1. Please compute the modelled spin-label separation between Arg40 and Ala84, points set 7 Å along Cα→Cβ, answer in nm with one decimal.
2. At q = 0.13, 0.14 Å⁻¹, work out log10 I(q)/I(0) for the chain with the Debye formula, treating every Cα as an identical point scatterer and leaving solvent out; two decimals please.
3. What size of dipole, in debye to the nearest 20, comes out for the chain about its Cα centre when the only charges are +1 on Lys and Arg C-beta atoms and -1 on Asp and Glu C-beta atoms?
4. What angle do you read, to the nearest 10 degrees and between 0 and 90, between the alpha-carbon axis of helix 231-243 and the longest principal axis of the chain?
5. What FRET efficiency, computed as 1/(1 + (r/R0)^6) with R0 = 51 Å and r the Cβ-Cβ distance, is obtained for Leu117 and Ala143, rounded to the nearest 0.05?
6. Taking a label point 7 Å from the Cα of Asn198 along the Cα→Cβ vector, which residues of segment 144-170 have an amide N closer than 18 Å to it?
7. Determine, for the chain, the count of lysine pairs separated by eight or more sequence positions (or lying on different chains) whose alpha-carbon distance falls under 28 Å.
8. Among Thr50, Gly39, Leu167, flag the residue with its Cα farthest along the positive direction of the charge dipole of the chain, charges on Cβ as +1 for Lys/Arg and -1 for Asp/Glu.
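Since every read-out is calculated from the coordinates, none of them should be taken as a lab result. Values in this document were obtained by computation on a predicted structure and should not be read as measured data. Cβ coordinates were reconstructed from backbone atoms using ideal geometry, including for glycine residues, and neighbour counts include every protein chain displayed.
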Amino acid sequence: MACVWKVSDGLAQLDAPGFSGCVLLDKPWQGLHGIHCRGRAADGLWLFQTPEPAPQSGAEDQTEILDWYVRQSDLVVTYAASDAWPVQTELQWRAAEAGEDKASVCIDLLVSLQTDLLESDPTLHVGCELPPGELLHLDDAAAGRFVPVEEGEAAFTRTSADAAGLLLLRPNDGAESLALAIHPKDFQRLTASGAPANGWRLGAELFGPPLEKGVIRRGWLRAAFTARSDDERQALEFYNDLAHAAPPLAT
């Protein structure tokens, strides 16, 4: 079974082997949600909310969709620049089977930014809401060592200078683990707050230097579901595959 997107009345539904979820085209700040994995509802899981945090009241009226289409296992949506965010944004959702035996599901979000201004700030904040469970981060990429994230409000902050952009969630309810990765060239800062008993809120900051007119900036994030029994090794493998992958092509 292939990974397929179906769009109706502004709702994009993803159906993949052992996985499903949806995206509201005019509400990108809700991300991928309504997720089911291996027949179980992943309650409390919202992936790649863009931008994060959610817009203030009335800001949703500024979300103008310039174009959208489905191509194979990709859903591509382009949003117009606005006064609040003077950068044209393209979100490319990509789904694929992954892992050695194709038993895992991998969700990529590729973000492309461009502006008509001579110079603008391209810093993009992407959020995730995670259900209760143990959350770990890659502390030593060379050794493949993961350590637990401290619980509390804003207790965890890492930058590209001192950490890799890889987290691993082991939900309390379910046999699947979830790896969340940011391409090292795009990763600026990562924050986490919450607790194993209550769930977690993640914030990822992408891109750094100013964005100039005529330049397209692209970023790449990945969420991969994997069996709990070998999750650290597989999470590291997903991350290394992302880090060494060829840059995404323009759409």
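1. If labels sit at Ala84 and Arg40, their model points lie 3.6 nm apart.
2. Debye output, listed in q order: -0.79, -0.93.
3. 420
4. For 231-243 against the chain, the angle is about 30 degrees.
5. So, using R0 = 51 Å, E works out to roughly 0.70.
6. Under cut-off, by backbone N: 149-157.
7. Here the count comes out as 6.
8. About the Cα centre, the residue reaching furthest to the positive side is Gly39.
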